[in-house]
Every structure is written in structure tokens, then in C-alpha cells.
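Just so you know, all these numbers are worked out from the coordinates, no wet-lab data involved. Everything quoted here is computed from the prediction, not taken from an experiment. Note that we place each Cβ from the backbone using ideal geometry, even for glycine, and neighbour counts take in every protein chain shown.
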Amino acid sequence: MKIILNGSEVEVNEKISLLDLMRMKNFDPSKYVAIVNEDVIPKSKIQDITLNENDRVEIITMMGGG
Amino acid sequence: MENDTLVIGGAEIRNRLIVGTGKFSSYDLIPEIVEKAKIDMITVAIRRARDGIQKPLIDYIPKGTKILVNTSGARNAEEALKIAKIGKELTGSDLIKIEIIPDTKYLMPDNREVIKACELLANEGFKPFPYMMPDLVAAKEMVKAGAVCIMPLGAPIGTNKGLVAKYFIEMLRNEIDLPIIVDAGIGKPSHAAEAMEMGVDAVLVNTAIATAKDPVRIAIAFSKAVEAGRIGYLAGLPSEKIFAEASSPLDEYLLGFLKK
């Protein structure tokens with residue numbers, strides 16, 4: 001199935017979990033925050049989230065700022 | 001100076017220089033600055049991650065450093081809340097620097113939205129650090145809305161112009177019972193010392209450190225300037241006079257001796 005990851009279409013297995021997607025893309029879940037369809041996903045819930053076709057996933061990190 | 005800890009929203013810092021992490025040529029400079037200038041608190045922004053391969057900023061921040069996430073990118077209170085929630089997931093901390101900047105030329109903060117954001121975020125359990133245009137009326141509203149400190153700009157972000165807004169910051173220092181942190185515009189260590197001598201509680205410096213020829217060295221200079229200014233303030237600065245006053249008043253003997 002297709003999902004939108006950080007604005008780009010990505011092909012993934014049906015019913016992939018958010019945790020597996022993050023691992024597949026090398027995003028260490030302790031250092032990044034995922035937003036699925038506008039919902040900020042608490043770290044404790046990452047493994048419980050199953051993705052669906054056309055879900056929009058944003059992976060957010062810290063960057064330099066004042 | 002052992003007991004001169006500053007507590008803001010429950011967070012304790014001993015070094016009153018807070019360092020922003022933007023504009024550095026390499027994140028490798030950040031741990032070196034934190035260690036050598038003995039920095040207790042830094043600020044960061046949040047953005048979409050490019051990939052999972054590049055080492056994220058969090059890996060460069062020494063353990064124990066307090067991380068203050070800013071809401072840069074927010075144009076109103078609701079957007080600031082969204083960013084704050086993401087920031088809290090990243091850091092585990094309720095501390096949030098509210099930055100709401102609709103103006104792109106001078107990067108002026110929108111005090112009205114910042115007041116709203118203070119209330120919205122405080123109601124959600126956050127500890128708001130509002131970055132604001134120094135205005136006493138607005139600052140009082142921010143205090144009422146739940147701010148844990150007030151962060152007036154010295155001059156617009158990245159200008160290095162120093163304490164252009166000094167008189168207005170003095171009003172805040174005199175009338176607001178929360179820590180005052182001068183944020184933005186501080187361009188050199190003497191500006192930081194001047195701010196601390198005024199009696200503000202801390203300063204935040206980013207551009208002046210990140211864009212100096214030797215960022216680590218200037219961070220140390222800023223740290224010392226902040227400490228010197230703080231000690232000067234605590235010592236009680238003498239008042240200015242219009243006319244000169246000799247350091248060694250002449251006595252009768254010397255005057256007589258000279259006349260001979």
C-alpha cells in the first residue's frame with residue numbers, strides 16, 4: 001500500500017506498524033516524534049499504531065534554533 | 001556566588017547565559033560550547049527530519065543540559081500549541097519558548113498572539129517562556145496568562161545591535177516579578193554584561209556565538225561577561241554623577257607643602 005512519509009509517497013507492506021516504518025527508515029523512535037494524520041503520537045504508543053493506505057506520516061526532529 | 005541559582009518554571013540554571021543552537025556551521029561545536037562555557041540551558045527548534053541516517057541534534061547535546069524548545073514557525077497561538085506538544089514528546093519537558101513571528105523583515109514577535117499562547121499553553125500544563133517586544137502592558141498580560149518568565153528582545157533577532165530596547169526592558173525589570181531574560185540582539189560580550197548589570201536575570205545568545213570566527217572562544221567570553229555583569233549588579237553599582245569627584249581628596253598638609 002501507499003502512504004505519504006514526510007511529503008513523499010512510499011510503498012510499504014499492508015498494515016505496517018508505525019514502529020516498523022520508523023525502523024525501516026532508520027528513525028530511532030527515542031529521538032524522533034511521529035505525527036500521523038495531524039495526531040502527535042506519544043512515544044509509548046508508537047508500537048500500537050497500525051498504518052492505513054494514504055496515511056500521512058511526518059517524522060519530526062530537533063534542529064538548531066534560538 | 002555559590003547560591004546564585006536561577007529557577008525558571010522549576011528548572012534550575014547556574015549559568016545565566018542560555019545559548020541558542022541555530023546557525024552553527026557544525027553541530028560538533030555544540031557539545032564543546034556546553035562543556036567549555038559551562039552552559040546549563042540551550043534552545044532548539046523542531047522541523048521535519050530529512051532522513052534517519054544523519055545524526056540528529058539531540059545526539060550532540062550533553063546529558064543533563066536543559067533543552068528549551070522554541071515554537072519558531074508558529075504564526076499564532078494554536079500553531080504554537082501544536083509545536084509545543086511535539087517538543088514535549090522530544091524532550092519530555094514542559095518548558096517551551098513561545099515564539100510567534102508573523103513579520104519576516106524584522107522578525108518582530110506578535111505580542112497579542114504571544115499573550116494568547118501563554119494562556120493556551122499554560123492551561124495545557126506547559127511552562128511558557130514568551131519571547132516578546134518589550135512592552136510593560138503586554139508583559140503584565142503574559143504574567144497573568146501563566147508565563148514563567150518574560151523574554152524581551154534587546155534588538156531584532158540576528159542584528160547584533162545590543163540593547164536597543166534598554167529603557168523598555170528596564171521597565172519590565174522594575175515592574176515584573178518573574179525572571180527577565182534578554183533574548184535576541186545581543187551582539188558582543190559587553191552587551192551581555194550591560195544587560196546583566198541592569199539586573200535582568202539571564203540572557204539568551206545565539207547568532208553572536210554561532211557566527212563568530214571562533215564560536216567556542218566567544219561562548220566562553222559571553223559566559224564570563226554574563227557572570228561579571230551579574231556580580232556587578234549584586235555588588236550594587238555606584239550612581240553616576242554630573243561633576244567630577246576626586247578619588248584622593250587633597251589635604252591641608254599637601255597643599256601647604258606644594259605652596260612652599
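So, by mean Cβ neighbours within 10 angstrom, what's the order for B:93-101, B:4-12, B:39-47 with the highest one leading?
Numbers: B:93-101: 24.9, B:4-12: 14.6, B:39-47: 22.8.
Highest mean packing first, the order is B:93-101, B:39-47, B:4-12.
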- Message: What are the ³J(HN,Hα) couplings of region B:9-14, residue after residue, when phi is run through the Karplus curve with 6.51, -1.76, 1.60 and θ = phi - 60°? Round to Hz, x for glycine and proline.
- Response: x, x, 8, 9, 10, 9
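On average, how many beta carbons from a partner chain sit within 10 Å of the beta carbon of a residue in A:22-29?
The mean count of partner-chain Cβ atoms within 10 Å per residue comes to 3.
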- Item | GluC sites (Glu not before Pro) restricted to DSSP loop in chain A with at most 13 other C-beta within 10 Å | A:Glu14, A:Glu38, A:Glu53
- Task: Classify chain A as rounded, prolate or oblate, taking a ≥ b ≥ c as the square roots of the eigenvalues of its Cα gyration tensor: rounded when a/c is under 1.5, otherwise prolate if a/b is larger than b/c and oblate if not.
- Result: prolate
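Mind checking the mean number of beta-carbon atoms from other chains within 10 Å of the Cβ atoms in A:31-40?
Details: counts 8, 6, 9, 3, 5, 0, 0, 1, 1, 8.
That works out to 4 on average.
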- Relative to the longest principal axis of chain B, what angle (0 to 90°, nearest 10) does the C-alpha long axis of helix B:166-175 take? 80 degrees
- Item | For chain B, calculated [θ]222 nm from helices alone, where every DSSP H run of n ≥ 4 adds -39500 (n - 2.57) | -11500 deg cm²/dmol
- Query: What aspartates and glutamates could a cross-link reach from B:Lys260, if we take a straight Cα to Cα line under 13 Å and drop same-chain neighbours fewer than 8 places away?
  - Reply: B:Glu252
- Task: Please give the peptides B:167-178, B:192-203 ranked by average Cβ packing (other Cβ atoms within 10 Å per residue), highest first, as a rough proxy for protection.
- Result: B:192-203, B:167-178
- Over the whole of B:85-91, what's the average partner chain Cβ count within 10 Å per residue? Rounded to a whole number, please. 6
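Rounded, prolate or oblate, given the Cα gyration tensor of region B:8-54, with a/c below 1.5 counting as rounded?
On the way: a/c = 2.73, a/b = 1.57, b/c = 1.74.
In terms of gyration-tensor shape, oblate.
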- Phi angles of region B:36-42, converted by Karplus (6.51 cos²θ - 1.76 cosθ + 1.60, θ = phi - 60°) into ³J(HN,Hα) in whole Hz with x for Gly and Pro, give 6, 9, 6, 7, 9, 9, 10
- Note on the structure: In debye to the nearest 20, the charge dipole size for region B:1-112, taken about the Cα centre with +1 at each Lys and Arg Cβ and -1 at each Asp and Glu Cβ, equals 280 debye
- Task: Please list the non-local residues whose amide H lies under 5 Å from the amide H of B:Asp183, H modeled 1.01 Å from N, same-chain partners needing a gap of 5 or more.
- Result: B:Leu153, B:Gly154, B:Leu204
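Structure shown: which of A:Lys25/B:Lys63; B:Lys85/B:Lys144; A:Lys2/B:Lys82; A:Lys31/B:Lys144; A:Lys31/B:Lys23 lie over 30 Å apart, alpha-carbon to alpha-carbon?
On the way: A:Lys25/B:Lys63 26 Å; B:Lys85/B:Lys144 22 Å; A:Lys2/B:Lys82 26 Å; A:Lys31/B:Lys144 34 Å; A:Lys31/B:Lys23 21 Å.
Cα-Cα > 30 Å for A:Lys31/B:Lys144; rest within.
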- In degrees rounded to 10, the 0-90 angle between helix B:215-235 Cα long axis and the longest Cα principal axis of chain B is 60 degrees
- Item | Mean residue ellipticity (222 nm) of chain A, computed from DSSP H runs ≥ 4 via -39,500 (n - 2.57), nearest 500 | -2500 deg cm²/dmol
- Item | Derived scalar couplings ³J(HN,Hα) [region A:2-10; Karplus, 6.51 cos²θ - 1.76 cosθ + 1.60; whole Hz; x for Gly, Pro] | 10, 10, 10, 10, 6, x, 10, 5, 9
- Query: Using the alpha-carbon centroid of each, what span in Å lies between region B:185-260 and region B:89-132?
  - Reply: 32 Å
